[in-house]
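No lab work stands behind these numbers, since they all come straight from the coordinates. Every value quoted in this text rests on a predicted model; they were computed, and no experiment measured them. Note that we place each Cβ from the backbone using ideal geometry, even for glycine, and neighbour counts take in every protein chain shown.
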Amino acid sequence: MSHHLVETRALSFDYPDGTPALRDVDLRFHHGEAVAIVGGNGAGKSTLLLHFNGLLLPTRGEVRIGELPVTAATRAQVQCTVGFVFQDADDQLFMPTVREDVAFGPLNLGLTAEQAEERVSAALEEVGIAHLAARAPYRLSGGEKRAVAIAGVLAMRPDVLVLDEPSAGLDPLARRRLIGLLRGFTHTRVIATHDLDLVLDVCSRVVVLHEGRVAADGAPAAIFADAELLARCRLEPPLRWQTA
């Protein structure tokens, strides 16, 4: 079975104080799919994403990447297969230069300096930021930081890309560049976002979370046309539809 497949089976997660965050979530994402996870604040989007590479582990149920269950014992292996891009790029960028930041993951996989450099160059070229290689990450714009964070994940050669609010805080040009980048990837992509217009541009499937449960799962046009569903789940139609 492909390592690109991502599956949850009756996934439930409780916070330490016992508050439920996810409840019996059953999902399956296939090779090459681009899936949006949407919902109001507190719906469980980020919590769900953190399970896909073992940053959180289920209270009950399970998560599988291909045939591999995500557990404390398999976490390191899973994290080589599932690349995670955090909402705040500053959570991922900590080295003196962009090149060193992107090289950090490959070097920690045990690659030689030459092998790591090949991956770094390829990732920077793919994201279109090779000209930033010698720059300090803290001196970059929000869009540039996001691109560096994505390049760092790509350098690990994952099968699955998980992105939490990738367009948050970007100006229109940086957002448009991000959409072009996401559309060009052949990875399985799971994207949590409030940006429903980005969903229309990138994703062929939408999962709506509400109070930790799957409220709907389907094509974007059908999901966003369901006014009752959107109102119940604290969502509104994409802006371009409202303008129309």
Single residue of A136, A168, A149 found to be closer than 20 Å to D91 by Cβ and buried (at least 20 other Cβ atoms within 10 Å of the Cβ): A149
Take the conditions among the charged types (D, E, K, R) and in a helix (DSSP H, G or I) and apply them to R135. Does it pass? no
For region 182-206, which positions are farther than 20 Å from N53 by Cβ and either assigned to a helix (DSSP H, G or I) or small (G, A, S) (or both)? R183, G184, L196, D197, L198, V199, L200, D201, V202, S204
Could you check region 110-128 and list, in sequence order, the residues that are part of a loop (DSSP other than H, G, I, E, B) and either at positive phi or in contact with a Lys or Arg (Cβ under 9 Å, 6 or more places away or on another chain) (or both)? G110, L111, G128
Complete set of residues in region 57-79 that are in contact (Cβ under 8 Å) with a residue 40 or more places away in the chain and farther than 12 Å from T8 by Cβ: T59, G66, E67, L68
Inspect region 216-225 for any residue being in a strand (DSSP E or B), touching a strand residue (DSSP E or B) at 6+ places or on another chain (Cβ under 9 Å) and within 17 Å of G44 (Cα to Cα) and give the result as yes or no. yes
